[in-house]
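This report concerns only the one structure given below.
The values are calculated or read from the model by the stated rules, or taken from the named source; none is laboratory data. Just so we're clear, the structure is a prediction, and the values are computed from it rather than from any experiment. Using ideal geometry, Cβ is built from the backbone for each residue, glycine included, and neighbour counts are taken over all protein chains shown. Ligands, DNA and RNA are stripped out before the accessible areas are found, and what is left, the full protein with its side chains, is counted by its heavy atoms. Shrake-Rupley method; radii C 1.70, N 1.55, O 1.52, S 1.80 Å.
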Amino acid sequence: MLVYFLKRLAMVVPVLFGLTVIVFLIMAMIPGDAATAILGAYATPENVARINQQLGLDRSLPEQYFIWLGNLLQGDLGRSYSLNRPVLDEVLERFNATLVLAGAALLLCTVFGLLAGIVSAVRQFGWTDRIVTFFVLIGISMPSFWLGLILILVFAVNLRWLPPSGMFAIYGGGGPLDLLAHLILPAVTLAVVATGVIARLTRAAMLEVLRQDYIRTARAKGLTERRVIYRHAFKAALVSVIPVIGIQAGFVLGGAVYIETVFQWPGIGRMLVQAISTRDLLLVQGGVLVVAASYVLFNLLADVAQHLLDPRLKS
Amino acid sequence: MSAATNAAKPVARRGRPSFLQLLVANRLSAFGLVLLVLIAGLALITPWLPLPSPDVTNPADRLMRPMTDGHLLGTDQLGRDLFSRLLWGTRVSIAVGLSATIVAAIFGSAIGLIAGYAGGRTDNIMMRGIDMLMAFPYILLALAIVAVLGPGLLNALYAIAVVNIPFFARNIRGVTLSLARREFVDAAKLSGKGHIRILLSEVLPNVLPVIVITMSTTVGWMILETAGLSFLGLGAQPPQADLGSMLGEGRKVLFNAPHVSIVPGLMIFALVMSINLLGDGIRDVLDPRLKSGALSRPSAATAVRRESVPEMPRETGAALDVRDLKTQFHVGGEVYKAVGGVSFQLNKHECLGLVGESGSGKSVTAMSLLGLVPTPPGRIAGGRVIHEGKDLLEASEAELRRLRGGAFAYVFQDPLSTLHPLFSVGDQITEAIRAHQPLSYREAWKKAVELLSLVRIPNAAERAHSYPHQLSGGMRQRISIAMALANDAEILIADEPTTALDVTVQAQILKLMAALQDEKGSALLFITHDFGVVSEISDRVAVMYAGRIVETGPTDEVLFSPAHPYTRKLIDCVPVLGEPERRLDAIAGLPPAVNRLPEGCAFADRCPHVEAACRKGDIALDDLGPGRAVRCIKPLTAGREEAAQ
Ligand code: SF4
C-alpha cells in the first residue's frame, strides 16, 4: 500500500508540472502588452518598463517560464499590486476559508449523495425513489448562485435563523459555533449539485451491483437483506462512486467562486473574481494555481481510497 | 402503451414505435420537451411581441412588484420592464449557450477525430493535453481564460466553450478509435482517398450521433455556466443583459425587491431543467438496457404468484419433494415459461443429476427452490417445494433466510463472479458461518480455515486472507464448496460447479464433491449439461428439456439405454477418450423459445423419430418400470435404436 501511495504521489508531480505550464501559458497569452493590460492604457513608460522587467518579459518564453517556476518553488508568486502584499500570503489565507467551505460541502454531498442513491436504488420505482429522483433533477438543474440568494431570503432575511453572509460575525464572533452558523447556508448551497450527481451515480451503481452474481451468493448464504445491501452491494458500488466524488471535488472547488460571491465568504473564489475585475493577474495566477493543485490532491485522495477498498487494483 | 391506445393509433401499431413516440411516452421528458419548446418559442418571437423596450429606464416606476398593470413581472431598480428584459435575456442566454456548445463541439470533435484516427503518438500527446485541461476544476479554467481575455459576453462564451472541449474530445476519440480500425476505413485508404477526406466522408458520419448526444448533455451546463460568469459580472456587460447578469444586478436589491433576482433565476432553472429532462429521455430511449427492465433491482426473494397449487402430498421421507414447479419470466409483455411444471424427489444421501442444455430451465429450477430467481422479471407461478413437511414457497423471508446457507447450500458455476471481489475468501466463509451459528468472528474464522483445509487448499490459514482474483479457477471453486459446507447443509445444490474449469481440475473437484457428500451424508442436487460428469457423480438423473423433465431414472440405466431421443443425443455429445470425432458439439437445431412453446412434444422439431401424433396434446411423463419415466409417445427401446442407426 505504501509503495502504491508513493508511486501515485510520484505520478502527481508531472501533473502539477503540467498545471504550471498551462497557467503560465494562459497568462503569457494575454493579448497585447501585459504591462498595459495590468496598468491600463495610461501608464507611464517608466512604469511599463518596470513591470516588464519585474515580470521578466524582456526574456524568451521558456526562460521566463523557468525563472517563474524557480520563484514559484521558492514560494514566490510575485506581489499583488492591488493589495500590495505577496500573492502567496494572500492566496494561502484565502484558501483556508475556501477549504473550510469546500470541505464542508464535500462532506455533505458525499454523505447525502450516497444515502439518497442507496435509498432510491433499494426502493426502486417506489415513492422514495421518485421523490429522490425528482429532487436530484431539481438539484442539478438549479443555478447554485440563485439557490444561494433564495436561501438567504428565506433563512436569513425572513426566518432570521442564520446569518446571511461572511465567515464570522463582525462583532463578538469568532468561535466554532459562530463559524458553523455562517457555514451552513453556503455549504448546503455548494453541495446541492454535487449531491445530485453523486446520488444519481450511486443509484445506478447500486442497481448494477445488485444484479451481480455475488449478490445472489450473498443471499444464498442466508444473509439478511440489510447486510446484502449495506455490506455487499454498497461496498462494490462505492468503488465505482469514489472517483466520481473526486471529480465532484473539482466542481465544488469551482462552484465556490459563485457561492463565495453570494455569501461574501472570504475565500479564494471571491478573491479571484475581485482580482479579475481589478486585473490583478498575478493574484489570479496564484489563486488558480493553488486551487488546481488542491484539486489534483483531492483526486489523489480519491484514488488512494479506491485502492484501499478494491484489492483487485493492487496487482 | 396499452393495446387500446395502440389500436387507436394505426401508425404506432406497425413495427417499433418511433424515437419521438418513445420519448413522449416518458412523461417527464415530454414535459421537458413542451417546456423547452415554449421557452425557445417565446424567445424566438420576442422581437415581434408588443413589449416595452427592455432598456428604457423609468426611475419613477422603479422596483414595481409583479402583476402591477403594464408590468406583468414588475420592474427592476432602473424601472425597466422585467418581463421584457426576461425574454430578451433568455434570447441572449440561449444564443450564448448554444454557440458555446457548437464551438466546443467543433473543436472537441476535431481533436477527438484526429487523435482517434491517427492513433499512436499523436493520440497520446493530444490526449495528455486534454487530460491536463481536465486536471483543472471546470469553472476555474473558465475564470482564468476570462481573466486573460477580459470580461465580456463573447469572452465568457469562449471560456465556457474551451473548458467543455475535453468532454467532446474524449467521447469522440473513443468512438473514432474503434472506427478507424474497421474495414470500410481500410478500404477507403486503399482506394487512395486522403486522410482528411476519409475523416470527413467515412468517419464523421458515424461519429455524428455521439457528437449530438454529447451536445445534448452539455448544453444545459453551458447555459448555466455562462449565466454564472455573467452573474459574477464577467460575462454580459451593461446595457446588454443575459439571465445571469440580470440575476447579478437583481442581487443588489435582493432584500427590498426579491422578485428582480428570483424571476431570471427561475427562468434559468426552467430552461436548464427542460433540457436535462429531455436529455434524460433521449438517453433512456437510446439505452436498450432500460427497455428490457434488466436494470430493475431484484428483490430479496422471488415473487410467488401461484395459479396452480397441487395437493400437499403425503410424507415421502425424501429430503426434498418438488411438485409441479412453474417459474416464469415476465419481460415486456411476454411470458417466458422457464420452468413449466417440474416434479422430482431428492432422497436423503443421494445425488440427483439434473441434466440439460443451457436454457433448459435446470438452473432456474434450482434457484426457484429457495426464491433466488430475481424478481423482476422472475416469478413462481405454481407448484410446491416441500422440505420437512413444509412448503417452501409459502415460507416467509426470514424462514427462507434460515434455510439458505443453513439446511440448503449452493455452489455456483463461475466462482470469479459468484464470490465477492472485495472481501477476502476467509471473510466470506466466516460470514456464511456466522449467518447461521452464534460464533464470534474469530471462532468462525478458525472454522473457515478448517473448512479450507477440508477442501484440500494448501496453506489454508494463509490463503484465507486472499481475494478471489488472486486464486486459480479450481481454488476458487474449492472456496465455494467450503462455503457451502460451512453449516453442514442437509441438501447441497451445485449449479454447473465444474463447467468453468479445465478437465483435470474438473475431475479433482468432482472427486472432492463426491467424497465430501459421502462423508457428510448430505443429499446433492447436481446440475450440469454434461452427461460425462453426471455419470461420475450421480445416482439418479433427471433430463430437462424446454422447462420440463423428459426422462428420469437411475444413472446407469439411463446411460445404458436412454428412452428419450433427446437423452440419446445428449449422451452422444459426451466426448470419449481417444475418439475426438465422436464429440458432436451440439445437437442440430435449437430448443424452442420458452415464450412460444409448440403444442405437443417440445423436442419434435429436432427429433429424428417425430410423427404427427407427437405434435398433438400434452405428452405425459409415463412410467417405464421402477424408478424410470419418460415423456415420449414412442420411447426408444434397444431394438428400435439399432434400427435408427
Ligand atoms: S414424442 Fe415424438 S417428437 Fe417427442 S421425443 Fe418422442 S418421438 Fe420425438
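Numbers at a glance
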quantity	calculated
Proximal aspartates and glutamates to A:Lys314, defined as alpha-carbon separation beneath 14 angstrom and excluding residues fewer than eight positions away on the same chain	A:Asp303
Cross-link pairs A:Lys7/B:Lys447; B:Lys326/B:Lys616; B:Lys348/B:Lys616; A:Lys235/B:Lys446; A:Lys7/B:Lys189; B:Lys362/B:Lys446 - those with Cα-Cα distance over 32 Å	A:Lys7/B:Lys447; B:Lys348/B:Lys616; A:Lys7/B:Lys189; B:Lys362/B:Lys446
Peptides A:100-112, B:114-126 ordered by average Cβ neighbours within 10 Å, highest first	A:100-112, B:114-126
Nearest 10 degrees, 0 to 90: helix B:425-434 Cα axis against chain B principal axis	70 degrees
J(HN,Hα) series, region B:441-450, from Karplus relation 6.51 cos²θ - 1.76 cosθ + 1.60, nearest Hz, glycine and proline x	4, 5, 5, 5, 4, 4, 5, 4, 5, 4
B:Cys351 long-range amide H proximity, modeled H, under 5 Å	B:Leu524, B:Asp539, B:Arg540
Distance histogram for the protein assembly as shown (every C-alpha pair counted, 20 angstrom bins, percent rounded to whole numbers)	11, 34, 31, 18, 6, 0
³J(HN,Hα), Karplus 6.51/-1.76/1.60, whole Hz, each residue of region B:29-36, x for Gly, Pro	6, 4, 4, x, 4, 4, 4, 5
Apportionment of accessible area to carbon and sulfur, region B:88-223, percent (1.4 Å)	69 percent
Surface accessible to a 1.4 Å probe, per residue, for the residues of the protein assembly as shown, Å²	45 Å²
Within a Gaussian network of chain A (alpha carbon springs, distance under 10 Å), most fluctuating of A:Gln285, A:Gln274, A:Gln212	A:Gln212
Nearby aspartates and glutamates by direct alpha-carbon distance to B:Lys634 (threshold 16 angstrom, same-chain neighbours under 8 apart not counted)	B:Glu551, B:Asp605, B:Glu611, B:Asp618, B:Asp622, B:Asp623, B:Glu642
Whole-Hz ³J(HN,Hα) from phi, Karplus 6.51 cos²θ - 1.76 cosθ + 1.60, for region B:614-623, glycine and proline x	5, 9, 10, x, 7, 9, 7, 7, 8, 5
Total accessible area lost when B and A pair, probe 1.4 Å, Å² to nearest 100	6800 Å²
For B:Gln413, net neighbour charge (Lys/Arg +1, Asp/Glu -1) across residues whose Cβ lies under 9 Å away	-4
Degrees separating the helix B:120-134 axis from the principal Cα axis of chain B, which is the longest one	60 degrees
Choice from A:Phe168, A:Phe125, A:Phe145 with maximal GNM fluctuation in chain A (Cα, 10 Å cutoff)	A:Phe125
Most to least packed among B:35-44, B:444-453, B:132-141 [average Cβ atoms within 10 Å]	B:132-141, B:444-453, B:35-44
Interchain or long-range residues, amide H under 5 Å from B:Tyr545's placed H	B:Val550
CD proxy at 222 nm, helix term only [per DSSP H run n ≥ 4: -39500 (n - 2.57); per residue of chain B; nearest 500]	-15000 deg cm²/dmol
Debye log10 I(q)/I(0) for region A:220-315, one point scatterer per Cα, at q = 0.16 Å⁻¹	-0.76
Inter-centroid distance (Cα atoms) of region B:221-271 relative to region B:391-447, Å	58 Å
Under the span-like rule (Cα at least 30 Å along the axis, Kyte-Doolittle mean at least 1.6), DSSP H helices of chain A	A:2-28, A:87-122, A:234-263, A:281-309
Neighbouring partner chain Cβ atoms per residue of B:434-445, average, 10 Å criterion	1
Degrees separating the helix B:82-118 axis from the principal Cα axis of chain B, which is the longest one	50 degrees
Value in Å of the Kirkwood radius, where chain A supplies the Cα pairs that are averaged	22.2 Å
Shielding score for A:149-156, defined as the mean number of other chain Cβ atoms within 10 Å	3
Lysines with Cα under 19 Å of B:Lys511, excluding same-chain neighbours fewer than 8 positions away	B:Lys520
